[in-house]
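Notes follow once the structure below has been shown.
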Amino acid sequence: MPNQLKIGDAAPDFALPSQTGEIVNLKDLLGRAEVVLFFYPKDNSSGCTAEACAFWDSYEVFRERGAEVVGVSSDSTDSHKGFASRNSLPFTLLSDEDGKVRKLYGASSTFGLLPGRVTYVIDRSGTVRHIFSSQLSPKKHIDEALETLEKIQEAAR
């Protein structure tokens, strides 16, 4: 994809509706927390449920490391509301129904068909510090993000 973000790039700002209908801007999250922004293909699919639940399992660790976890897919806010409720997800899910933010970030697709599973770790200044893309290893996204957050914290000491 031509818009592929790279480590060291400024993360593009966006405004998307959450599962509660609230509009969330990236710039409002930055400054008070690192942001772990994960793009996933579809609510309620087995791989995406495994990934979301793995983020939930480590949610307290993310919070302890000063990070806000945010999921993004092209599903509707109603779909997100049901998905979050069914899985007791404590973090925000954003609806990117037209795929503009996915394109803005260059979150690739798999075989040109499936929306990709890509995680971005963005530091408080808005710089992309890590990108991990793997359609078939949903739980590895959590390990990669936590490792990066640890490095950011170490560098800040």
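Report every pair of residues separated by at least 6 positions or lying on different chains whose Cβ atoms are under 7 Å apart, first residue within the range 89-101 and in a strand (DSSP E or B), second polar (S, T, N, Q).
Close Cβ pairs satisfying both conditions: 92/18; 93/18; 93/19; 94/18; 95/76; 95/77.
So, in the range 28-44, of the ones that are part of a loop (DSSP other than H, G, I, E, B) and of a type in the set (D, E, K, R), which residue ends up nearest to residue 153 (Cα to Cα)?
Kept after step one, since they are part of a loop (DSSP other than H, G, I, E, B), are these residues of the range 28-44: 30-33, 40-44.
If we keep only those that are of a type in the set (D, E, K, R) as well, we get 32, 42-43.
Details: 32: 14, 42: 32, 43: 32 Å.
Restricting to residues being part of a loop (DSSP other than H, G, I, E, B) and of a type in the set (D, E, K, R), the top hit is 32.
List pairs: first residue in the range 121-143 and free of Cβ contacts under 8 Å to residues at least 12 places away in the same chain, second residue of a type in the set (Ser, Thr, Tyr) anywhere in the structure, Cβ distance under 8 angstrom, at least six positions apart or on different chains.
Matching pairs, first to second residue: 140/134.
Going through the range 121-147 one residue at a time, which ones are within 14 Å of the chain's Cα centre (by Cα), among the hydroxyl-bearing types (Ser, Thr, Tyr) and outside any loop (DSSP other than H, G, I, E, B)?
Matches in the range 121-147: 133 only.
Matching residues to (1) farther than 14 Å from residue 68 by Cα; (2) surrounded by 19 or more Cβ atoms within 10 Å (Cβ to Cβ); (3) in contact with a Pro (Cβ under 6 Å, 6 or more places away or on another chain):
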{"residue": "10", "(1), (2), (3)": "yes, no, no"}
{"residue": "17", "(1), (2), (3)": "yes, no, no"}
{"residue": "21", "(1), (2), (3)": "yes, no, no"}
{"residue": "26", "(1), (2), (3)": "no, yes, no"}
{"residue": "36", "(1), (2), (3)": "no, yes, no"}
{"residue": "40", "(1), (2), (3)": "yes, yes, no"}
{"residue": "44", "(1), (2), (3)": "yes, no, no"}
{"residue": "50", "(1), (2), (3)": "yes, no, yes"}
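Give the residues of the range 63-90 that are buried (at least 21 other Cβ atoms within 10 Å of the Cβ), over 15 Å from residue 120 (Cα atoms) and of a type outside the set (Phe, Trp, Tyr), sorted by residue number. Before the answer, list the steps.
So the first thing to find is which residues in the range 63-90 are buried (at least 21 other Cβ atoms within 10 Å of the Cβ), and the list is 67, 69-73, 75, 80, 83-84.
From the residues that got through so far, the ones that are over 15 Å from residue 120 (Cα atoms) too are 75, 80, 83-84.
Of everything in the range 63-90, those that are buried (at least 21 other Cβ atoms within 10 Å of the Cβ), over 15 Å from residue 120 (Cα atoms) and of a type outside the set (Phe, Trp, Tyr) turn out to be 75, 80, 84.
Look at residue 58 and say whether it is in contact with a helix residue (DSSP H, G or I) (Cβ under 9 Å, 6 or more places away or on another chain) and surrounded by 11 or more Cβ atoms within 10 Å (Cβ to Cβ).
Details: in contact with a helix residue (DSSP H, G or I) (Cβ under 9 Å, 6 or more places away or on another chain): yes; surrounded by 11 or more Cβ atoms within 10 Å (Cβ to Cβ): yes.
Yes.
Condition (residue is in a helix (DSSP H, G or I), modelled with pLDDT of 95 or more and not charged (D, E, K, R)) applied to the range 20-27: is it met by at least one residue?
Yes, the range 20-27 has at least one match.
Identify the residue in the range 17-31 that is of a type outside the set (Val, Ile, Thr) and out of contact with any helix residue (DSSP H, G or I) (no Cβ under 8 Å at 6 or more places or on another chain) and, among all such residues, is farthest from residue 100 (Cα to Cα).
Of all residues in the range 17-31, those of a type outside the set (Val, Ile, Thr) come to 17-19, 21-22, 25-31.
This time we only want the ones that are out of contact with any helix residue (DSSP H, G or I) (no Cβ under 8 Å at 6 or more places or on another chain), so: 22, 25-31.
Working: 22: 18, 25: 14, 26: 14, 27: 17, 28: 19, 29: 19, 30: 20, 31: 24 Å.
For the range 17-31, the residue satisfying everything is 31.
Can you tell me which of (1) within 21 Å of residue 150 (Cα to Cα); (2) under 15 Å from the mean Cα position of the chain (by Cα) is the one residue 6 doesn't meet?
(2)
Of all residues in the range 49-70, count the ones that are under 14 Å from residue 83 (Cβ atoms) and charged (D, E, K, R).
1
Residues in the range 45-61: is at least one in contact with a Ser or Thr (Cβ under 6 Å, 6 or more places away or on another chain) and in a loop (DSSP other than H, G, I, E, B)?
First, pick out the residues of the range 45-61 that are in contact with a Ser or Thr (Cβ under 6 Å, 6 or more places away or on another chain): none.
Checking the range 45-61: not a single residue is in contact with a Ser or Thr (Cβ under 6 Å, 6 or more places away or on another chain) and in a loop (DSSP other than H, G, I, E, B).
Within the range 95-107, identify whether any single residue is hydrophobic (A, V, I, L, M, F, W, C) and at pLDDT 90 or above, and answer yes or no. Steps first, please.
Filtering the range 95-107 for residues hydrophobic (A, V, I, L, M, F, W, C) gives 101, 104, 107.
From what is left, the residues that are at pLDDT 90 or above are 101, 104.
Looking for residues that are hydrophobic (A, V, I, L, M, F, W, C) and at pLDDT 90 or above, one finds at least one in the range 95-107, hence yes.
The values are calculated or read from the model by the stated rules, or taken from the named source; none is laboratory data. Everything numeric here is computed off the predicted structure, so don't read it as measured data. Cβ atoms come from the backbone with ideal geometry, glycine included; neighbour counts cover every protein chain shown.
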